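Heads up, the thing below is written out as structure tokens.
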Amino acid sequence: MSGRSIFLSERPESDARIRVPSRPEDLNHLRPGDIVQSWEPWFVWSDQCEKFDAWNEWRRIGDPLADDALAALFPSTLATSIHGIDLLEALQSKASSDTESPCHPNSSPIHEYLDATLAEPPKGINATESEIHLAQAFFAANAVPITLSLLYFSLGGGFASSRISRILRSTSYIIPSNGAAEFTTDAGKERTVMRLLETLQFVIDVMGGSLPPALTDLNADKSKIDMSKWRGPTCLAPGTGEGWKSTLRVRLLHAVARRRVQQQAQNNTTEHGNPHLSLRYVQSIDGVPLNQEDMAYTLSAFAFGPLHCLPKLGFSFTRAEADATIAMWRHVGFYLGIDPTILVKHFRDWETAETFGAMCGQMLDLELHETLEAARDAGVEPPPPSTIALINALGNHVDAARPVAERFALTRYLLGNRASDLLSIPAMPRFTYTKLRLSLFTATLPTHFGHVYATLAPQLGSSWERRRGELVLEALGRMTRYKLGMRRTTFRARNVEGELEDTVKEAESVTRNKEDVARFMKRWRAIWWEMGGVLMAWAVMVGVLGWKLYY
């Protein structure tokens, strides 16, 4: 997509408007038109950007609706009985039993939560039917590069925040409770990869790539199931959509994590008298765990991150596709419990989301600088970022075919040298970057072929493009379930060690049907045989034409 961007590719010639904030409070003094140094490394400050006071206010607000519903379901501390429970199902069951009982009012926090989430997002936040269809089709056509962007840019860059890392460490979610050291063990890597795959399952569900559980194990040819019935607005339909259910389950999982961290943080103090050097969460300084700032970061990682990275990976998109993607995630953000004012202002369209993405990078940059400066003043080593350990862990199942050197190179390529240096991501030899660029170019060939094919033979080419996207999305879902141990997650809470109960694995298990897999592989091979056949035909036509012209 061409057009004006807030990011600048090089340092401006004039230093008059250049600003290099050193503390978050410095953001309060920036003015529209200032050139601000960040990760990219430069972007233009505008009225759309938020002062630090706004971010600090968001840091004090959690998700009262979900928190109160969870407290009503589990009035005391989170007992071990919460482990392995489908929280959405438990809330719905409790609401149903309360409705039938004359002793319980229907205005309980549980009913309020369900009533609010069963409503459609208000105008200005909701995505239209056409936007949802376009966003899901765009994801299906670009599922592989989008997944790479989420792993190496969004997730890799997110670990720059020591505060977010403390939350994940406290809940043993993604980051093991023992910190980066446990990443190096096979068991630690395996647990981390399982959680990343569960996050990928959430994205697949939201993007219409999942059948209802009753149909997942169905011994039938999936090619004969009309997936359009489960995609589009149906996927996000309140009460029934698979994407809607997964979003609400993730929101409740956030409420569990928030409560756990708050309970653990009651007696936590800071190391060396500075919160930036702490491995433990200190709520009086860090704010409410998984607050509105954290959730806005996360939504930006899903919405802005891939769109920002796709051109670097060799893929393009239209303004309509970008706006539809932002609208889709804005719609999902409403059900995740993000403040509507944040969604309206910062996820209105691609331009506002890009500005907010730059701001998120700026805040992470300042937080990382504060950590390094605090360590220098205290004369101690700063807490090690978990990014490197995470990149190593991705070799377990998720991106195992890519050598670790290329994974580091890809992270530096997407994040940029400035951010990578701050995160201590090592630079790789030039040969590694050459191999990486070659592999990225190879990955774009099916997309370029599809565009040419659709131009020369509109009906056949458009059909091939659509079928390829559907097959890639189906393959991603199959791979995720397989690598999760043949289960489809319903985002149930783990125990304090970050492990799933055996009963959960049994409840979430799916059956691998050999006949169904064989039918899928037949369709998978057919799409690539068609591509090979068309390319061969084009080569013959060009050869014949060249021979006639020459002779």
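The values are calculated or read from the model by the stated rules, or taken from the named source; none is laboratory data. Here the structure is a predicted model, which means the values were calculated and not measured. So basically every Cβ, Gly included, is an ideal-geometry build from the backbone, and we count neighbours across all protein chains shown. All accessible areas refer to the heavy atoms of the entire protein, side chains included, with ligands and DNA or RNA removed. Shrake-Rupley method; radii C 1.70, N 1.55, O 1.52, S 1.80 Å.
Working carefully through the options K522, K505, find the one that is open to solvent by 30 Å² or more (accessible area, probe 1.4 Å), modelled with pLDDT under 90 and in a helix (DSSP H, G or I).
Result: K505 is the single residue among K522, K505 that is open to solvent by 30 Å² or more (accessible area, probe 1.4 Å), modelled with pLDDT under 90 and in a helix (DSSP H, G or I).
This table checks each residue for (1) within 30 Å of T444 (Cβ to Cβ); (2) free of Cβ contacts under 8 Å to residues at least 24 places away in the same chain; (3) of a type outside the set (K, R).
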position	(1), (2), (3)
G461	yes, yes, yes
E465	yes, no, yes
K483	yes, no, no
M486	no, no, yes
K505	no, yes, no
T511	no, no, yes
K514	no, yes, no
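Got a number for residues in the stretch 214-247 being assigned to a helix (DSSP H, G or I), in contact with a Leu (Cβ under 9 Å, 6 or more places away or on another chain) and at pLDDT below 90?
2
Could you list, in sequence order, the residues of the stretch 434-447 that are open to solvent by 50 Å² or more (accessible area, probe 1.4 Å) and either in contact with an Asp or Glu (Cβ under 9 Å, 6 or more places away or on another chain) or closer than 30 Å to V504 by Cα (or both)?
K435
Counting only residues that are under 30 Å from the mean Cα position of the chain (by Cα) and not in a helix (DSSP H, G or I), which one in the stretch 85-110 is modelled with the highest pLDDT?
Top of the filtered list is D86.
May I ask you to list the residues in the stretch 369-390 that are open to solvent by less than 10 Å² (accessible area, probe 1.4 Å), within 30 Å of P403 (Cα to Cα) and in a helix (DSSP H, G or I)?
Across the stretch 369-390, the qualifying residues are T387, L390.
Considering only the stretch 400-415, I want to know if a residue exists there that is more than 27 Å from E198 (Cα to Cα), out of contact with any His (no Cβ under 8 Å at 6 or more places or on another chain) and open to solvent by less than 30 Å² (accessible area, probe 1.4 Å).
Within the stretch 400-415, not a single residue is more than 27 Å from E198 (Cα to Cα), out of contact with any His (no Cβ under 8 Å at 6 or more places or on another chain) and open to solvent by less than 30 Å² (accessible area, probe 1.4 Å).
Check the stretch 346-362 and report whether any residue there is part of a helix (DSSP H, G or I), at pLDDT below 90 and touching a Leu at 6+ places or on another chain (Cβ under 8 Å).
Looking through the stretch 346-362, at least one residue is part of a helix (DSSP H, G or I), at pLDDT below 90 and touching a Leu at 6+ places or on another chain (Cβ under 8 Å).
What is the number of the single condition among (1) at pLDDT 90 or above; (2) over 30 Å from T434 (Cα atoms); (3) of a type in the set (F, W, Y) that Y281 does not meet?
For Y281, the failing item is (1).
Would it be correct to say that G450 is modelled with pLDDT of 90 or more, open to solvent by less than 20 Å² (accessible area, probe 1.4 Å) and out of contact with any Cys (no Cβ under 8 Å at 6 or more places or on another chain)?
yes
Do we find a residue being modelled with pLDDT under 85 and either open to solvent by less than 40 Å² (accessible area, probe 1.4 Å) or among the polar types (S, T, N, Q) (or both) anywhere in the stretch 478-494?
Checked against the condition, which is being modelled with pLDDT under 85 and either open to solvent by less than 40 Å² (accessible area, probe 1.4 Å) or among the polar types (S, T, N, Q) (or both), the stretch 478-494 yields at least one hit.
Tell me, which residue of the stretch 323-351 that is open to solvent by 10 Å² or more (accessible area, probe 1.4 Å), β-branched (V, I, T) and in contact (Cβ under 8 Å) with a residue 24 or more places away in the chain is farthest from S246 (Cα to Cα)?
V344
Of all residues in the stretch 243-257 being touching a Ser or Thr at 6+ places or on another chain (Cβ under 9 Å) and open to solvent by less than 10 Å² (accessible area, probe 1.4 Å), which is nearest to R59 (Cα to Cα)?
Among them, the one singled out is V256.
Among the candidates A160, A135, A116, A140, which residue alone is hydrophobic (A, V, I, L, M, F, W, C), more than 22 Å from D349 (Cα to Cα) and assigned to a helix (DSSP H, G or I)?
None of the other options fit; the residue is A116.
Of everything in the stretch 17-70, what is hydrophobic (A, V, I, L, M, F, W, C) and either open to solvent by 40 Å² or more (accessible area, probe 1.4 Å) or part of a loop (DSSP other than H, G, I, E, B) (or both)? Give them in sequence order.
Those that are hydrophobic (A, V, I, L, M, F, W, C) and either open to solvent by 40 Å² or more (accessible area, probe 1.4 Å) or part of a loop (DSSP other than H, G, I, E, B) (or both): V20, L30, W39, W45, C49, I61, L65.
When you check S154 against the structure, is it of a type in the set (S, T, Y), more than 14 Å from L390 (Cα to Cα) and out of contact with any strand residue (DSSP E or B) (no Cβ under 6 Å at 6 or more places or on another chain), yes or no?
When the stated conditions are applied, S154 does not pass them.
Could you please find all residues in the stretch 445-467 being within 16 Å of P145 (Cα to Cα) and either out of contact with any Phe, Trp or Tyr (no Cβ under 9 Å at 6 or more places or on another chain) or not in a helix (DSSP H, G or I) (or both)?
Selection gives L445, H448.
Residue pairs, Cβ under 7 Å, 6 or more apart or interchain, first in the stretch 392-409 and more than 19 Å from S420 (Cα to Cα), second buried (at least 16 other Cβ atoms within 10 Å of the Cβ) and at pLDDT below 80. List them.
Filtered contacts from the stretch 392-409: N396/K189.
Can G469 be described as at positive phi, at pLDDT below 95 and more than 19 Å from the chain's Cα centre (by Cα)?
no
In the stretch 285-333, which residues are of a type in the set (G, A, S) and part of a helix (DSSP H, G or I)?
Matches in the stretch 285-333: A296, S300, A301, A303, G305, A320, A322, A324, A327, G333.
List the pairs whose first member sits in the stretch 132-155 and is more than 19 Å from T480 (Cα to Cα), whose second member is among the charged types (D, E, K, R) and part of a loop (DSSP other than H, G, I, E, B), and whose Cβ atoms are under 8 Å apart, counting only residues at least 6 apart or on separate chains?
Short answer, once both residue conditions are applied: H133/R231.
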